[in-house]
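A quick write-up on the structure given underneath.
The values are calculated or read from the model by the stated rules, or taken from the named source; none is laboratory data. Quick caveat: nothing in here was measured; it's all calculated off a predicted structure. When we count neighbours, we look across all protein chains shown, and the Cβ atoms used for this are built from the backbone with ideal geometry, even at glycine.
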Amino acid sequence: MACIKKRFIFVKNYYCHILTIVTIVVALTSGCGKKDTGFSDAPLIRVRDTIVTVSDFRQIIKDVHLDLSDEQPADSADGAMWQRLLNQTVEELIIKERAKELSLNISEAELEAAIGKIKEDYPDDTFQEVFLENAVSFSVWQRQYRERLLLEKVIATELYEKVEITPEEIAAYYGAHYQNSGEASSEADEKNNINEMIVNQIKRDKAETDYPAWIAELHDRYQVEIDRDKWQQMVETDLKSE
């Protein structure tokens, strides 16, 4: 699913918001209750005080496989997808650590407003039907969606809102994408509307460009640890069993 492979926040896809149930929240909460003391309970990833065990990561893999059941990309059962999920998991943990430093959170009002916008795309009661059809608990999705919004808020605060744009950049973008192209809609014909669209797009582009260096700096600051021996053992053992 596209949401798994490209999690960058500024690319919105509300259908993916509904169906994607794979987040760190699922993995970490799945470990509550009875625990074994063997390999499955061994730490796999550590970001400061947060630990993801082998069992936690196996739950992520399980949920992704369920979520991919209708598409089944060519590498859905190989190490390439696992490596992407490992990288994604590490990045999410890093961003959550940054959220703690910045004292950022998602209020109930913010959550309700965001969900309300999604509901606008679903007539009548079809929003709830999506959860029923896909056997997804709304309460679980809601909790995970709050986590997703938090990731977005951190990235917006750290990257998007700090982008600086010059008049020359706006003019160049307009010349390349709008002038004599006929792409501007009737609602965006006025200069101010077009300028706002251009500013938002340039900010998104610059934020996405700045993201790798930003996340790499945080990665070094938080001293991320991945047990490569356990990772290799898990990949070799679990992939053979599929």
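From the list Ile215, Ile202, Ile198, Ile194, the one residue that fits, being part of a helix (DSSP H, G or I), surrounded by 14 or more Cβ atoms within 10 Å (Cβ to Cβ), among the hydrophobic types (A, V, I, L, M, F, W, C) and modelled with pLDDT under 85, is Ile194.
Condition check ((1) closer than 24 Å to Val64 by Cβ; (2) among the charged types (D, E, K, R); (3) surrounded by 15 or more Cβ atoms within 10 Å (Cβ to Cβ)) across all residues:
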{"site": "Lys117", "(1), (2), (3)": "no, yes, no"}
{"site": "Trp141", "(1), (2), (3)": "yes, no, yes"}
{"site": "Gln144", "(1), (2), (3)": "yes, no, yes"}
{"site": "Arg148", "(1), (2), (3)": "yes, yes, yes"}
{"site": "Leu151", "(1), (2), (3)": "yes, no, yes"}
{"site": "Val154", "(1), (2), (3)": "yes, no, yes"}
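Within region 83-90, is there a residue that is out of contact with any Gly (no Cβ under 8 Å at 6 or more places or on another chain), of a type in the set (Ser, Thr, Tyr), modelled with pLDDT under 85 and under 24 Å from Thr53 (Cα atoms)? No, region 83-90 contains no residue that is out of contact with any Gly (no Cβ under 8 Å at 6 or more places or on another chain), of a type in the set (Ser, Thr, Tyr), modelled with pLDDT under 85 and under 24 Å from Thr53 (Cα atoms). For region 91-141, the set of residues classified as more than 30 Å from Val224 (Cβ to Cβ), among the aliphatic types (A, V, I, L, M) and assigned to a helix (DSSP H, G or I) consists of Ala109, Ala113, Ile115, Ile118, Val130, Leu132, listed by residue number. Among residues that are within 30 Å of Ser103 (Cα to Cα), among the β-branched types (Val, Ile, Thr), touching a Leu at 6+ places or on another chain (Cβ under 9 Å) and in a helix (DSSP H, G or I), Val154 is included. For Leu159, the criteria (1) touching a Phe, Trp or Tyr at 6+ places or on another chain (Cβ under 7 Å); (2) at positive phi; (3) not β-branched (Val, Ile, Thr) hold in every case but one, which is (2). Identify all residues within region 132-150 that are in contact (Cβ under 8 Å) with a residue 24 or more places away in the chain, of a type in the set (A, V, I, L, M) and over 19 Å from Asn200 (Cα atoms); write none if there are none. Within region 132-150, Val136, Val140, Leu150 meet the criteria. Selection within region 50-71: residues that are among the aliphatic types (A, V, I, L, M) and modelled with pLDDT under 90. The member of this set that is farthest from the chain's Cα centre (by Cα) is Leu66. When the test is whether a residue is assigned to a helix (DSSP H, G or I), within 18 Å of the chain's Cα centre (by Cα) and either at positive phi or touching a residue at least 40 places away in the same chain (Cβ under 8 Å) (or both), Gln88 passes it.
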